[in-house]
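Everything on this sheet refers to the single structure shown next.
Each reported figure results from applying straightforward, stated rules to the coordinates on display, with no laboratory input. Model, not experiment: these values are computed from the prediction. All Cβ positions, even for glycine, are placed from backbone atoms using ideal geometry, and neighbour counts span all protein chains on display.
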Amino acid sequence: MFKGSIVAIVTPFKNGKVDEKALGDLIEWHIKEGTNAIVPCGTTGESATLDYDEHHRVIRFTVEAVNKRVPVIAGTGANATDETIMITREAKKSGADGALLVSPYYNKPTQEGIYRHYKAVAEAVKIPIVLYNVPGRTASNILPSTVARLAEIRNIVAIKEATGDMKQVSEVIRICGNRITVLSGDDFTTFTLLALGGKGAISVSANVAPKLVSKMFSEWEKGNIQQARKIHYQLEPLNAAMFYETNPIPAKTALAMMKKIKEEFRLPLCEMAPANREKLKKTLKSLKLI
């Protein structure tokens, strides 16, 4: 259902407000450049700093701007199950094609708690659900055995794997087969994940180089493995640059350098350190992005 280059799109700000003009321009650029789906209000979209009205509005705006040209997978995760259900219901009402649900963070649920959380959301809101496993931010790991249990639920269709652990990814694919689609959540693992049987990536790098990220997937699908590998290595410096500092600081800084958005964050995120900014600029110049 969801595959290829899926951008975890940034949320542009201007004078403290969501910059809808810049967001709309980014969406048009992504569709033109070959992006296969768009995720608003994910980690890269600074969802943690959006209030409920802004969160709902960004999803609704994205759905309207995309106008069914590509799927929209709304970030609707929270660390309370009732809150997650509320946000996910609103996303479905807004016309989102799917929902990306981060595993509950901070409260560190058990595997049974994680299972019951996702099951409750899936039963409450009949929308395709993408699990999101990112232990570095949540302090818990959705184990392959739990993924296998969740894959039995009809509208849980995919998982964004951001563990960086290819052994775990391999185990998920081995025991789940085609019952769930595995998507990379770390750009540096994408090519390896494709070789294991994954189908795409929810990408940070695609914010900055959408055409190149999309081309890697299209070459892979055409069986041009050598060309896909070549693009992977071409992207590696950018993949690293996107994490010189906490995501989405480098992505938004790069887009500002590219004159796509204003360089504006919400605290506790702030501008890049000068040394990292210079390193980022060199990487963008090497890829002829600025």
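The charge dipole of the chain, taken about the Cα centre with unit charges on the Cβ atoms of Lys, Arg (+1) and Asp, Glu (-1), comes to about 680 debye, rounded to the nearest 20. Reported to the nearest whole Å, the Cα centre-to-centre distance from region 168-187 to region 233-290 is 29.
In a DSSP loop and with at most 15 other Cβ atoms within 10 Å, the trypsin sites (Lys or Arg not before Pro) in region 197-290 are Lys222, Lys259, Lys262, Arg266, Lys288. The charge dipole of region 41-185, taken about its Cα centre with unit charges on the Cβ atoms of Lys, Arg (+1), Asp and Glu (-1) only, comes to about 460 debye. Pairs exceeding 32 Å between alpha-carbon atoms, taken from Lys3/Lys230; Lys14/Lys230; Lys108/Lys260; Lys126/Lys199: Lys14/Lys230; Lys108/Lys260. Annotation for region 121-224: GluC sites (Glu not before Pro) lying in DSSP loop with at most 10 further Cβ atoms inside 10 Å of their Cβ do not exist.
What's the extension gain from Lys259 to Gln234 if we count 0.36 nm per residue and subtract their Cα-Cα distance?
Going from the current span to full extension adds 6.7 nm.
Close amide H contacts of Ser203 (hydrogens built in the peptide plane, cut-off under 5 Å, sequence separation of 5 or more or a different chain): Ile6, Val7, Ala8.
Taking region 132-158 and a reference point 7 angstrom along Cα→Cβ of Glu171, the backbone N atoms nearer than 14 Å belong to 141-149. Straightening the chain between Ala139 and Thr110 buys 9.3 nm, computed as 0.36 nm per residue apart minus the Cα-Cα spacing. Candidates Val169, Leu289, Gly185 compared by Cα position along the dipole of the chain: farthest toward the positive end lies Leu289, with charges placed on Cβ.
Any idea which of Ala78, Asn224, Leu26 is furthest toward the positive side of the dipole for region 4-228, if Lys and Arg beta-carbons carry +1 and Asp and Glu beta-carbons -1? Projecting each Cα onto the dipole axis, the largest value belongs to Asn224.
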